[in-house]
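Asks: Sharing a structure here in structure tokens format.
Values in this text are rule-based calculations from the coordinates and carry no lab data. Computed from a prediction, not measured in an experiment: that's the story for all the values here. Cβ atoms come from the backbone with ideal geometry, glycine included; neighbour counts cover every protein chain shown.
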């Protein structure tokens, strides 16, 4: 439901209407539009009587909107594309944001070497897992807080942002000082308690699509985060599980333009997890950028044959450098650039 205010409505009238709506347990979301004062209603709108609201001074009309359930993440209430600005890096703007680094922080020397290499190639955000959700309980689970400290030191030394996966609500306070962006992994996309917890923070959250999630379920998960007040959400297409076994997952390139049409949130792609094969990462990264992705998350390792996690899908440093050079050309062709 949308309340259309008159062109000459006063701030006092707008405030009164807003109070009336909030008294009915609904949330008011101003909708930005040229020359129009629109108030979008979120929540239990069935409790609002349009007839009574229409009689309020300053109200011109009440419009019922039949649209998707993700009001905060959707385009109707937020037509403009969201841009996230963080320490000189923009995600969702004209430039493409590239996140790169190892799947897991293994030791201090490793993360420092890789950070230096990916930063020299043009990446602005350093990725590295300190807590690892592994299929087997006997696989490397990450270094925990020590890994976060190494990640922070390496990112600061190379003037990069740091992103790492959060797996538990109890880790919010622990991770907060060490990372610039919280990452919600595919397995936790519908961990609603965790989504609410990061939604209560002031740090951007990158939300990966669940391996069997529909686009609507993905956007509704983003809605959970935004409903707590944190509107700095980045969507990440990382591949879905299909009947195909040649690749680790099936990277859904078509989801990128679909989500861009339906949501104002930035969308990036993760071709490393999307394919699970080093030789397929670069072509899918190129395709994702051409399809309209706002950035990429790429796994890079200086010694992938010795990696404790996901070495088979990690690019070698020289391969990552070549990919960044190719992305420059593709970005230019579609009117964008790499955010360097």
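Asks: If you build a Gaussian network model of the chain, linking Cα atoms that sit under 10 Å apart, which residue out of 87, 203, 52 swings the most?
Replies: 52
Asks: As a test of the formula, what do you get for the chain when each DSSP H run with n ≥ 4 contributes -39,500 (n - 2.57) and the sum is divided by the residue count, at 222 nm and rounded to the nearest 500 deg cm²/dmol?
Replies: That comes out to -10000 deg cm²/dmol.
Asks: Computed FRET efficiency, Cβ-Cβ of residue 2 and residue 246, R0 30 Å: what is it to the nearest 0.05?
Replies: After rounding to 0.05, the efficiency reads 0.05.
Asks: For a paramagnetic label modelled at 7 Å from the Cα of residue 176 toward its Cβ, which residues of segment 107-148 fall within the zone defined by backbone nitrogen distances under 15 Å?
Replies: Nothing falls inside the zone, counting backbone N under 15 Å.
Asks: Please compute the volume of the convex hull spanned by the alpha-carbon atoms of segment 9-78 and report it per residue in Å³.
Replies: 89
Asks: Give me the Å³ per residue figure for the convex hull around the C-alpha atoms of segment 182-326.
Replies: 113
Asks: Work out the FRET efficiency for residue 116 and residue 81 from their Cβ-Cβ distance, taking R0 = 35 Å, and round it to the nearest 0.05.
Replies: 0.60
Asks: Using Cα-only point scatterers and the Debye equation, what is log10 of I(q)/I(0) for the chain at each q in 0.15 Å⁻¹, rounded to two decimals?
Replies: The calculated log intensity ratios at q = 0.15 Å⁻¹ are -1.18.
Asks: Once you keep just the Cα pairs under 8 angstrom separated by 6 or more residues, what percentage relative contact order results for the chain?
Replies: Contact order relative to length: 16 percent.
Asks: Could you tell me the center-to-center distance, by alpha carbons, between segment 252-280 and segment 102-116 in angstrom?
Replies: 25
Asks: Right, another one. If you rank 242, 82 by fewest surrounding Cβ atoms within 10 Å, what's the result? Kindly include the intermediate steps, with their values, before the conclusion.
Replies: Numbers: 242 12, 82 18.
Fewest-to-most ranking of 242, 82: 242, 82.
Asks: Something else about it: Once the piece of chain linking residue 196 and residue 49 is laid out straight, how much longer is it, given 0.36 nm per residue of separation minus the C-alpha distance between them?
Replies: Result: 49.9 nm gained on full extension.
Asks: Mind giving me the nanometre distance, one decimal, between the label points for residue 153 and residue 279, set 7 Å out from Cα along Cα→Cβ?
Replies: 3.9
Asks: Let me ask another. Express in nm, to one decimal, how much length is gained between residue 303 and residue 25 on full extension, taking 0.36 nm for each residue of separation and deducting their alpha carbon distance.
Replies: 94.6 nm
Asks: Pop the C-beta distance of residue 64 and residue 36 into the FRET formula with R0 = 25 Å and round what comes out to the nearest 0.05.
Replies: Calculated value: 0.90.
Asks: Need one word for segment 127-257: rounded, prolate or oblate. Basis is the Cα gyration tensor (sqrt eigenvalues a ≥ b ≥ c); a/c below 1.5 gives rounded, then a/b vs b/c decides.
Replies: oblate
Asks: Along the Cα→Cβ direction, 7 angstrom out, place labels at residue 107 and residue 16. What is the inter-label distance in nm?
Replies: Roughly 7.2 nm, to one decimal.
Asks: Evaluate the distance, in nm, between pseudo-label points positioned 7 Å from the Cα of residue 325 and of residue 216 along their respective Cα→Cβ axes.
Replies: 4.7
Asks: Another question, then. Over the chain, what is the percentage of antiparallel beta bridges among all DSSP beta bridges, to the nearest 5?
Replies: 40
Asks: Just report the Cα centroid separation between segment 172-202 and segment 124-167, whole Å.
Replies: After rounding, the separation between the Cα centres reads 14 Å.
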